[in-house]
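One structure below.
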Amino acid sequence: MEELDGQYAEIEGRGLVTFIRSYEAGAGQLWNAVATAGGLDGWFPSRVAVHPEAGTVSFSGDPNAEASSGRILDWEPPNRWAFTWGGDLLEFAVEGTQTAAELTLRNWLADSATAARNAAGWHVCLRELERKLGGAPAAGPHAASGAQGPADWRTLYDGYVAAGLPSGAPIPGQAP
């Protein structure tokens, strides 16, 4: 199993899942990958339309979620943006040079019981982002897992539960 690098904390009573990943890609390339519709395509769980001038973001095409929209709460190109998605708050922060960059993804949770589920999901997504930045075709987070597909979500989920992340939230596609 892959290293479980998603970290969980509770800050002022709200659950937070954080990932920090380094990439052999320039900071500009990484910013494009996390802050534009074309960049998010293929690794993010939904299709995304980003409208910073209107302060909105739209989500569609996720087989596990209805189309929805959120508010952009922070827009600081090329380093940081934050937006609402459902009851959650997502933050993407990019630091680096022209040849190497680091992404910090923070998922502030509306319900702490989603921590293990979301950590496993972001783990899968960030592996697909790594593939995309490396020039390999990203299969997408909803593709079948395997060598040419994303990491196995269930194995990661079980690992995050065993590591003590809060769990118990409904899992899309599974009966309660």
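Taken together, the values in this text are just the output of simple stated rules run on the coordinates, not laboratory data. For clarity, every value in this text was computed on a predicted model and none was experimentally measured. Heads up, the Cβs are rebuilt from the backbone with ideal geometry, glycines too, and the neighbour counts pull from every protein chain shown.
For residue 117, neighbours were defined as the other residues whose beta-carbon sits under 13 Å from its Cβ, and their charges (Lys and Arg +1, Asp and Glu -1) total -2. Specify whether the C-alpha gyration tensor of the chain places it in the rounded, prolate or oblate class, a ≥ b ≥ c being the square roots of the eigenvalues: rounded for a/c under 1.5, otherwise prolate if a/b is larger than b/c and oblate if not. Rounded, since a/c falls under 1.5.
With a cut-off of 10 Å between beta carbons, the residues surrounding residue 93 carry a summed charge of -3, where Lys and Arg count +1 and Asp and Glu -1. Taking the stretch 62-91 and a reference point 7 angstrom along Cα→Cβ of residue 51, the backbone N atoms nearer than 12 Å belong to 69-72. Normalised by the number of residues in the stretch 7-162, the mean separation of alpha-carbon contacts (under 8 Å, six or more apart) gives a relative contact order of 25 percent. Ranking 40, 23, 100 by how far each Cα lies toward the positive end of the dipole of the chain (charges on Cβ) leaves 40 at the top.
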